[in-house]
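The values are calculated or read from the model by the stated rules, or taken from the named source; none is laboratory data. Everything numeric here is computed off the predicted structure, so don't read it as measured data. Cβ placement follows ideal geometry from the backbone for every residue including glycine, while neighbour counts extend to all protein chains displayed. These area figures cover heavy atoms from the full protein model, side chains too; ligands, DNA and RNA do not enter into them. Shrake-Rupley method; radii C 1.70, N 1.55, O 1.52, S 1.80 Å.
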Amino acid sequence: GKTITFARTIDIPRVVYNFRFFASSILHHVTECTEMATVGCVHYTSRAPVGVAGLISPWNLPLYLLTWKIAPAIACGNTVVAKPSEMTSVTAWMMCKLLEKAGVPHGVVNIVFGVGAKAGEALVCHPDVPVISFTGSTLTAQRITEKSAPHYKRLSLELGGKNPAIIFDDADLSQCIPTTLRSSFANQGEICLCTSRIFVQRGIYSEFLKRFVAEARKWKTGNPSDPTVDMGALISKGHLEKVRNYVKKARAEGARVLCGEGVDSLSLPPGNQKGYFMLPTVIAEVTDESCCMQEEIFGPVTCVVVFDTEEEVIKRANGVKYGLAATVWSSNVGRVHRVAHRLQCGLVWTNCWLVRDLNLPFGGMKASGIGREGAKDSYEFFTEVKTITIKH
Ligand code: ADP
């Protein structure tokens, strides 16, 4: 269901970049060395591959996330056994052919196909796989944690989000509105970094809402192979039902659905009418306690609420179990730093979204995960460190 445009401009370029980035970054790490002159000792650290790395990835950015794990793992000298999502096996299988063509020796990148409970869990429980890098749901991560505990495995868990956008009165709306549309609805809202709670300061609330809804209505939903389409289909029938149910629940709680699901009609080309499509949906007048403001929906649904003060919005933005990413919109440089420091999440984008420097850590706090990945963090995760002392 992913649009061809998203695959061409985001997924695939990033796959290529993941390999290039880690192939060069591995050349530049340094280990540590200290000297204890009084006892005539020099200490230094050395790093070695962990052996076999277990990699488990989800369906939403199938190769983007899989290669984000494979590239650093093999750059550090490991072999990998990777289990892509059973919903997106074909892209991983196609990538295997490319790896072979590129000359990756047999046995270095091993991909197993199958469902999580069988193929994924076999990897998690295998005594010879000392590390597991997982991206997926918080619930599955709990099971992975339990199942791997008897083996003392090192885990990197990159999980869900309920990411806020905080928009202050002095935000540049000409930048903020198109970016917040993207951050809410890109890839059908099926990205863990997508915005799903938009806090707008009272002075600009009505104007923001009017313009945001008007722009959301302009998003083109339809045939994913059409390069002019902004939004394709959701991953499955079951997932579409789950996302639609959230909108239903919001309505039942008294929230107002301003556009999209149940408000506007979706016209699809004849060949796509049985697909799992839904329109970008904006919900307002929803309480912070509502399931739509607390739970990860992972679809094209975003809630817009009003706030008054900086103090208040920080507290409300932090008032969920997740802590992955946030965006802050303001032209007051002091304020963006202040707010960024106090948000409980692993990534804060101010006046932008999804701009990534792979050198720096990626990952979440609270129920959004454990551990970070990125140039240095992945190097540390995929290697075993040893301290060596030399007396002279
Ligand atoms: P999503 O709901 O986004 O599909 P999941 O956490 O179910 O998230 O899936 C992410 C990845 O985890 C998939 O590759 C899936 O097959 C795998 N997976 C699911 N259950 C398990 C499990 N019990 N052990 C290991 N991997 C699993």
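Need one number: nm distance between label points at H126 and E32, each 7 Å from Cα along Cα→Cβ, rounded to one decimal.
3.2 nm
What is the antiparallel percent of DSSP beta bridges lying wholly in the range 163-350, to the nearest 5?
Approximately 10 percent, going by the DSSP bridge assignments.
Just subtract the alpha-carbon distance of N359 and K248 from 0.36 nm times their residue separation and send over the number in nm, one decimal.
Additional length available on full extension: 35.8 nm.
Quote the accessible area belonging to R211 in square angstrom, nearest 10, computed with a 1.4 Å probe and with ligands, DNA and RNA left uncounted.
R211 exposes around 100 Å² with every protein chain in place.
In terms of the Cα gyration tensor, with a ≥ b ≥ c the square roots of its eigenvalues, is the range 184-292 rounded because a/c is under 1.5, prolate because a/b exceeds b/c, or oblate?
Prolate, because a/c is 1.5 or more and a/b exceeds b/c.
Would you mind computing Rg(Cα) / (2.2 N^0.38 Å) for the range 240-347, counting N as its residues?
Dividing the Cα radius of gyration by 2.2 N^0.38 Å gives 1.27.
What whole-number volume per residue, in cubic angstrom, does the convex hull of the C-alpha atoms of the range 3-143 give?
That works out to 155 Å³ per residue.
With each run of n ≥ 4 DSSP H residues scored as -39500 (n - 2.57), what mean residue ellipticity at 222 nm is computed for the chain after dividing by its residue count and rounding to the nearest 500 deg cm²/dmol?
Mean residue ellipticity, 222 nm, calculated: -10000 deg cm²/dmol.
Mind checking which aspartates and glutamates have their Cα closer than 16 Å to the Cα of K153? Skip sequence neighbours fewer than 8 apart in that chain.
Answer for K153, where 16 Å is the Cα cut-off: E121, D128, E380, E384, listed by chain and number.
Please express the shape of the range 163-350 as an equivalent ellipsoid: the semi-axes are the square roots of 5 times the eigenvalues of the C-alpha gyration tensor, given largest first in whole angstrom.
Semi-axis lengths for the range 163-350 are 28, 17, 15 Å.
Order D264, D11, most accessible first, counting only protein heavy atoms with a 1.4 angstrom probe.
D264, D11
Using the Karplus curve 6.51 cos²θ - 1.76 cosθ + 1.60 with θ = phi - 60°, what ³J(HN,Hα) values do you get for each residue of the range 333-350, in whole Hz, with x for Gly and Pro?
So the J values, rounded to whole Hz, are 5, x, 5, 5, 5, 4, 5, 4, 5, 9, 6, 8, 7, x, 9, 10, 9, 10.
Give a residue-ordered list of calculated ³J(HN,Hα) values for the range 188-205 (Karplus: 6.51 cos²θ - 1.76 cosθ + 1.60, θ = phi - 60°; whole Hz; x for Gly, Pro).
Ordered by residue, 3J(HN,Hα) equals 6, x, 9, 9, 4, 8, 5, 6, 9, 10, 10, 9, 10, 5, 3, x, 10, 4 Hz.
Using the alpha carbons of the chain, what is the convex hull volume per residue in cubic angstrom, as a whole number?
Convex hull volume per residue, Cα atoms: 164 Å³.
Run down the lysines and flag those whose C-alpha is under 30 Å from the C-alpha of K101, throwing out any fewer than 8 positions away in its chain.
K2, K69, K83, K118, K376
I4 to T309: FRET efficiency via 1/(1 + (r/R0)^6), r the Cβ-Cβ distance, R0 41 Å, to the nearest 0.05?
According to the calculation, E is roughly 0.40.
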